[in-house]
1. Tell me, what is a quarter of the convex hull surface for the C-alpha atoms of segment 33-182, in nm² with one decimal?
2. Apply the Debye scattering formula to segment 84-145, with a single equal point scatterer on each alpha-carbon and no solvent, then give log10 I(q)/I(0) at q = 0.18 Å⁻¹.
3. Return the FRET efficiency for the residue pair Asp144, Glu56: r is the Cβ-Cβ distance, R0 is 51 Å, and the value is rounded to the nearest 0.05.
4. If you project the alpha carbons of segment 285-329 onto their three principal axes, what span does each projection cover, largest first, in Å?
5. What would the Debye formula give as log10 I(q)/I(0) at q = 0.17, 0.20, 0.29, 0.30 Å⁻¹ for the alpha-carbon point model of segment 375-436, no solvent?
6. Suppose R0 equals 51 Å; then what is the FRET efficiency for Gln390 and Asp456 from their Cβ-Cβ distance, rounded to the nearest 0.05?
7. Taking the mean number of other Cβ atoms within 10 Å as a proxy for protection, how do you rank 98-106, 354-362, 338-346 from highest to lowest?
8. Using a 7 Å offset from Cα along Cα-Cβ at Glu203, what residues in segment 69-110 end up with backbone N under 12 Å from the label point?
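Every number here is computed from the coordinates shown, using simple stated rules; none is lab data. From a predicted model like this one, the values you see are computed outputs, not experimental measurements. We place every Cβ from the backbone using ideal geometry, glycine too, and count neighbours over all the protein chains shown.
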Amino acid sequence: MSRDLYENPLSQRYASREMNAVWSPQKKFSTWRKLWIALAQAEQELGLGITDTQLEQMRAYVDNVNFEVAEAREKEVRHDVMSHVHAFGEQCPEARPIIHLGATSCFVTDNTELIQLREAMELVQDKLVAVVARLRDVAREYRDLPTLGFTHFQPAQLTTVGKRATLWLYDFLMDLEQVETFIADLPFRGVKGTTGTQASFLELFDGDHGKVETLNERVTELLGFGNSVPVSGQTYSRKIDFQALALLSGIAQSAAKMASDIRLLAHLKEVEEPFGKKQVGSSAMAYKRNPMRSERVCSLARFVISLSANAAQTHANQWMERTLDDSANRRLSLPQGFLGVDVILSLAANIADGLQVWPNVIAKHIQAELPFMATEVIIMACVKAGGDRQDIHEAIREHSMEASRTVKEHGRPNNLIDLIRDDDRFAAVHDCLDDILDPRRFVGRAPEQVDRFLADCVTPVLNRHADAVNALGEVNV
């Protein structure tokens, strides 16, 4: 490995080998060869003079790409497809006359990219399933553990740790459903010709429209697709790229939301991401436990989210049947969008799998705020016992202001309940204050909501993707 050239950190530092392989030169150019073979096979089946020997020779070299020959040729002709046609032809001299017969460059480039989109999205789907499974476990384990809810990052009505996890989980579940639809509906470009009119193939088959349609259907079938785009210019619509990157953006948004919440909760010391026994949090402050995994999720998510706007501009600027100003851009945006999400999901699964929850810290924070939240219940209990609602409300208001000053001015614990215990106007509730202050009274239906959500929404999805539940992925650094 050269140390004096830039390395893409997504490939070299973060992403999985599997996702890297999908976007590798080997995958790209061997797929070109598979497409040329499928085209030649279908053309032979429909009566063109292509021999079995030619097909056998092509198949023998489908994965043995002579990269050096192609690279040398490209320096001369400045055309990547023709360079690889030449290189393939050197290895398969019998087949050389019929390689790429009737096709345009986008027959191999666009169809290959659609294959890569499908395979990359399948990897994303598996990792999404793993994240959903891990968060399912968190939600189930902490379904009824009360915790402060926050609105505007200010203490609000109580919820449970498990219910909060379902909010993250639901985002990922929506992403997963959209990914499933994308994979199922993704079309092949097929055999469309130079400007999408199939004119060259109509010429090859002497004006037989039926054979041209059959050729398109057969090549689509040979490459494992159920359908092809109904119409195209030279390229498939770049809106498909936008749809893919918008999906990846949505996944990045979900992960960043979860990671941001965990970063805030780590500051409160209520929840922490996994921390290795020898992990260093700071080069200067040895005691630090920085949420570096969650921070990396947010960092990469920001990058991935930006790519959907880039794809929108690329589609909007495709002139007529095509222009080439999409090419260099897409060589960057498509692979890096998938590599980025690959890392994000590996991190998200790792964080959820090793999430550390600290119930005693959570309880301490609840006790600091719960007296204020319990005031409405206390008022109603006193009124039911015969008290005057307005008098009780005023007494609560006075004691709340005093307790607030105790906390804010003097830094002492919230003493509202002590003030109420010492006030005879609240004698009706003195014996049941402990029951009133049970945090479980203030979480509403959170535990039941967790149970219903997991049973109705999550379990069916995980059953459908049982093989991917443990596709955690490795966190490299």
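1. Values: hull surface 58.4 nm².
For segment 33-182, averaging the hull's shadow over all directions gives 14.6 nm².
2. -0.78
3. 0.20
4. Principal extents (Cα only, largest first): 60, 15, 11 Å.
5. The calculated log intensity ratios at q = 0.17, 0.20, 0.29, 0.30 Å⁻¹ are -0.54, -0.72, -1.26, -1.31.
6. After rounding, the FRET efficiency stands at 0.70.
7. 338-346, 98-106, 354-362
8. Backbone N within reach: 102-104.
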